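The values are calculated or read from the model by the stated rules, or taken from the named source; none is laboratory data. Since this is a predicted model, take the numbers as computed values, not measurements. Don't worry about glycine lacking a Cβ; one is built from the backbone with ideal geometry, like all the others, and counts go over all protein chains shown. Areas reflect the complete protein model, heavy atoms only, side chains present, ligands, DNA and RNA absent. Shrake-Rupley method; radii C 1.70, N 1.55, O 1.52, S 1.80 Å.
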Amino acid sequence: MNPATAVRVVDRIVLPADRAEDWLTRWRSDYLPGATARGLRSPQVLHQHTGTDSVAVHIIWDLPGIYDFYGMRGAAAADPAVSAFWSDTDAVALTRERHVLAVREEMS
């Protein structure tokens, strides 16, 4: 992979429907500022109703390249607030997953 190939990070958190808005409020206040400081950019937040009682929140982030991704990971690992946020999330979430994707270069 070219180190300059853009990276997309997709977080999917399935929450009880009655907890989703509270979680998003906390995500915006407690997680988002640090995430952007670590280099995660342009978050898109999408909701998916996964059942009568649950909502999946998809958050799609952009990073300029793979080195930026690993730099972000190192900074996150060194910040105890990040692990505390995700630990609190795990206490509420039904499931949580993260996918790291390389943006495919267009062939001409």
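Computed with a 1.4 Å probe on the full set of protein chains, the accessible area for residue 41 sits at about 120 Å². Ordering 92, 5, 55 by Cα displacement along the dipole of the chain toward the positive end leaves 5 in first place; charges were set at the Cβ atoms of Lys, Arg (+1) and Asp, Glu (-1). Under the rule a/c < 1.5 gives rounded, and otherwise a/b versus b/c splits prolate from oblate, where does the range 1-79 land using the Cα gyration tensor? Prolate, because a/c is 1.5 or more and a/b exceeds b/c.
Structural descriptor for the chain: relative contact order 47 percent, calculated from alpha carbon pairs under 8 angstrom and at least 6 residues apart. Taking 0.36 nm per residue of separation and subtracting the Cα-Cα distance, full extension of the segment from residue 70 to residue 94 would add 5.9 nm.
Using the average count of surrounding beta-carbon atoms within 10 Å as a protection proxy, the listed peptides 14-23, 61-70 rank, highest first, as 61-70, 14-23.
Between the Cα long axis of helix 66-77 and the first principal axis of the chain there is an angle of about 40°, rounded to the nearest 10. With a cut-off of 16 Å on the backbone N, the residues of the range 46-86 near the modelled label site 7 Å out from residue 2 along Cα-Cβ are 63-68.
Using the Cβ of residue 35 as centre and a radius below 11 Å, the other residues enclosed give a net charge of 0, where K and R count +1 and D and E count -1.
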